Amino acid sequence: FEDLLANAVNSQYFRDAAKRLAKPSDKPLLKRLLLNSGRQRYPALDIYVSLIDENDKADVLKLLPDVPELSRCVTRLGIEKEAVSILKKQLLQNRNSNIEALEVVLNQLAPEERQDFMAKFWSLYDNIRSNTWKCNLAIILAQKGFVPAFCFLVENSQEFRKNPDHRKYIWERLQKLTSFTDMDSLEKWYRENKSQIVFNSEKELFEVKK
């Protein structure tokens, strides 16, 4: 099996074969490879994730600080509470870009701590070149009531209009976060009230501070 894994580094055929032949008894070898910096780490990760079950909760939590990719297993194993501090640290250190990890942290933190975390996390992406990635990130944070993310989406709405499908995707989410039925009205309201916009957590809507 270990020889098969060595060949799996450069071959999808061998990777698929190793995945089919892998057994729970191979987990110790896979865990050892996960902690190595060699190229075998990547096929080992894929195979280990496919073998994970309820009995691996403790091992996943132990490995998680050194193997951020295992964050995709956190929800499946129901270990969100135990993993949140690890994931939060990784996200703020820019060591984990997994959206599921971000959602786990946002769902586990108390409102005030969540706002503080979102502000720090958002600041990591001030100069990001990929507008699409930042847009998707902004949607996630805006849905949790983060005002700067909401502002980013509205301020860049003209840019999004260049792609009809992208515009539709953005607008559907903004519409759920405001009381507006069309983008033009939302943009006008935003320009007039930009400095006074807050998130009403009871209504789950962005509105003008009263």
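The values are calculated or read from the model by the stated rules, or taken from the named source; none is laboratory data. Values in this document were obtained by computation on a predicted structure and should not be read as measured data. Cβ: placed from backbone, ideal geometry, glycine included. Neighbour counts: every protein chain shown. When the accessible area is computed, the model is the full protein with side chains, heavy atoms only, and any ligands, DNA or RNA have been set aside. Shrake-Rupley method; radii C 1.70, N 1.55, O 1.52, S 1.80 Å.
Against the chain, whose longest principal axis comes from its Cα atoms, helix 80-92 is set at around 70 degrees. Between LYS168 and LYS89, the C-beta separation translates, for a Förster distance of 45 Å, into a calculated FRET efficiency of about 0.80. Computed in the context of the full set of protein chains, the accessible area of the chain at 1.4 Å probe radius has 47% of its extent on carbon or sulfur. The fraction of Cα-Cα pairs per 5 angstrom bin, counted from 0 for the stretch 9-116, comes to 2, 12, 23, 21, 18, 11, 7, 3, 2, 1 percent, rounded to whole percents.
One chain, two ends: LEU124 and LYS188. Fully extended at 0.36 nm per residue, the span grows by 20.1 nm beyond their Cα-Cα distance. Among ASN163, ASN107, ASN94, which one shows the highest mean-square fluctuation when the chain is modelled as a Gaussian network with alpha-carbon springs under 10 Å? Top of the fluctuation ranking is ASN163.
For the stretch 6-58, the per residue solvent-accessible surface stands at 58 Å², with DNA, RNA and ligands left out and a 1.4 Å probe.
In the chain the Cα-Cα distances spread across 10 Å bins starting at 0 as 8, 28, 26, 20, 13, 5, 0 percent of all pairs. A 1.4 Å probe, protein heavy atoms only, puts the accessible area of ILE140 near 20 Å². Per-residue 3J(HN,Hα) values for the stretch 162-178, derived from phi via the Karplus relation 6.51 cos²θ - 1.76 cosθ + 1.60 with θ = phi - 60°, read 5, 10, x, 5, 5, 4, 4, 4, 5, 4, 4, 7, 5, 4, 6, 9, 9 Hz in sequence order (x marks Gly and Pro). Under 1.5 on a/c is rounded, so check that first for the stretch 109-210, then, if it is not, pick prolate when a/b is larger than b/c and oblate when it is not; a ≥ b ≥ c are the square roots of the alpha carbon gyration tensor eigenvalues. Verdict is oblate for the stretch 109-210. The relative contact order of the stretch 54-124 comes to 29 percent, based on Cα pairs under 8 Å that sit 6 or more residues apart.
Residues in the stretch 50-57 carry Karplus couplings, in order, of 5, 9, 4, 9, 3, 6, 9, 3 Hz; the curve used is 6.51 cos²θ - 1.76 cosθ + 1.60 with θ = phi - 60°, and Gly or Pro positions show x.
For the set THR181, THR132, the ranking by accessible area, highest first and with no ligand, DNA or RNA atoms included, is THR181, THR132 under a 1.4 Å probe.
For the stretch 84-137, the list of GluC sites (Glu not before Pro) that fall in a loop by DSSP and count at most 16 other C-beta atoms within 10 angstrom is empty. Treat each spin label as a single point 7 Å out from the Cα along the C-beta direction, and report the GLU207 to GLN175 distance in nm. Taking the two extended label points, one gets 2.1 nm.
Comparing ASN96, GLN115, LEU51 along the charge dipole axis of the chain, the residue lying farthest to the positive side is ASN96, per the Cβ-charge model. Listed cross-link partners LYS19/LYS57; LYS168/LYS210; LYS162/LYS188; LYS88/LYS134; LYS162/LYS194 are compared with a 28 Å cut-off, the Cα-Cα value being larger for LYS168/LYS210. When the chymotrypsin sites (Phe, Trp or Tyr not before Pro) in the stretch 138-172 are filtered for DSSP coil states and for at most 12 other beta-carbon atoms within 10 Å of their beta-carbon, no site remains. Among the chymotrypsin sites (Phe, Trp or Tyr not before Pro) in the stretch 1-108, those placed in a DSSP loop whose Cβ has at most 16 other Cβ atoms within 10 Å are PHE1. Applying 1/(1 + (r/R0)^6) with r as the Cβ-Cβ distance of LEU61 and THR132 and R0 = 35 angstrom yields a FRET efficiency of 0.60.
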